[in-house]
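The values are calculated or read from the model by the stated rules, or taken from the named source; none is laboratory data. Quick caveat: nothing in here was measured; it's all calculated off a predicted structure. Note that each Cβ is placed from the backbone with ideal geometry, even for glycine, and that neighbours are counted across all protein chains shown. All accessible areas refer to the heavy atoms of the entire protein, side chains included, with ligands and DNA or RNA removed. Shrake-Rupley method; radii C 1.70, N 1.55, O 1.52, S 1.80 Å.
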Amino acid sequence: MSDPETTPGTAAHQKIDTSVPHSARIWNYWLGGKDNYPVDEEAGDAYTDVFPGIVTIARSSRAFLRRNITYLVSEAGIRQFLDIGTGLPTADNTHEVAQRIAPESRIVYVDNDPMVLAHARALLYSTSEGATAYVDSNVLDPERVLAAAAKTLDLSRPTALILSNILGHIADHDEARSIVKRLMDALPSGSYLSINDGSRGFDPGFEQAQDGYNKSGAVPYNLRTVEEITAFFDGLELLEPGVVSVTRWRPDADAPDAPVIAEHGGLARKP
């Protein structure tokens, strides 16, 4: 196993604030992780009191990502991944799924949260054949992200860009689309884009809970319509079944018929 490379940035100099709930730690709590604080558990419990289904959304999102990566490695032959807004380590992180199938896979994680940075070494434990790196940067600065990622990835070769539950933190939809385009423009033909985000228009209880959370003082997360999520894939070739509820994206053969939930995503290839 090889040690990760960590590129320090702004988060390295930030103190972890345990007095305010943080979305990455709350998400970790819902996924059954241990990297959170009482303030996060309280916020998470308050959210589930209003909308218990958020735990299903969190775990279905993680399962969607696992199936995406499995397809990319096993069927599309992808061996490079740029995972932006990775969050805290839980089960089936991108490098774990990819390197189980192809140990030579190379993964770059990007986040700008000091707690994620503190856990980077545990998150990035790689096979000896492959490589992982952590970039302390922000999705709002795609050029810096790409420059740092290029130290580990060969961006002239097909690469999968993973944006899982990160674009909702960008309030302006046009700005979010611009960032996705700038990132994908830097990747060659044969690259892939994987996106999943909370969706509006399917579950009023979820929308009520999320709107209340956004007013709590925590970093807001903006739900988007399916049409808005689909627009992120403009100019790319969406794989079947398109942008759907994450439970309906190529479910495991032995999975029971899953309900539609308010979390939508898709996977597309750059022609």
For the stretch 210-255: of the residues being among the hydroxyl-bearing types (Ser, Thr, Tyr) and not in a loop (DSSP other than H, G, I, E, B), which is nearest to residue 56 (Cα to Cα)?
247
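Any residue that is open to solvent by 20 Å² or more (accessible area, probe 1.4 Å) and assigned to a strand (DSSP E or B) - is there at least one of those in the stretch 152-163? Don't jump to the end; show me each part of the working.
Residues of the stretch 152-163 open to solvent by 20 Å² or more (accessible area, probe 1.4 Å): 154-158.
Still in the running and assigned to a strand (DSSP E or B): none.
Within the stretch 152-163, none of the residues are open to solvent by 20 Å² or more (accessible area, probe 1.4 Å) and assigned to a strand (DSSP E or B).
Quick one: which of 29, 47 is at pLDDT 80 or above, more than 19 Å from the chain's Cα centre (by Cα) and crowded, with 17+ Cβ neighbours inside 10 Å? Full working, then the answer.
On the way: 29 fails: more than 19 Å from the chain's Cα centre (by Cα).
Exactly one residue qualifies, and that residue is 47.
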Residue among 103, 142 that is in contact with a Lys or Arg (Cβ under 6 Å, 6 or more places away or on another chain), surrounded by fewer than 24 Cβ atoms within 10 Å (Cβ to Cβ) and more than 11 Å from residue 81 (Cβ to Cβ)
142
Out of the residues in the stretch 116-139 that are open to solvent by 20 Å² or more (accessible area, probe 1.4 Å) and small (Gly, Ala, Ser), which is modelled with the highest pLDDT?
128
Does the stretch 176-195 include one or more residues that are part of a helix (DSSP H, G or I), open to solvent by 20 Å² or more (accessible area, probe 1.4 Å) and modelled with pLDDT under 95?
no
Got a number for residues in the stretch 78-93 being within 10 Å of the chain's Cα centre (by Cα), at pLDDT 95 or above and of a type outside the set (A, V, I, L, M, F, W, C)?
1
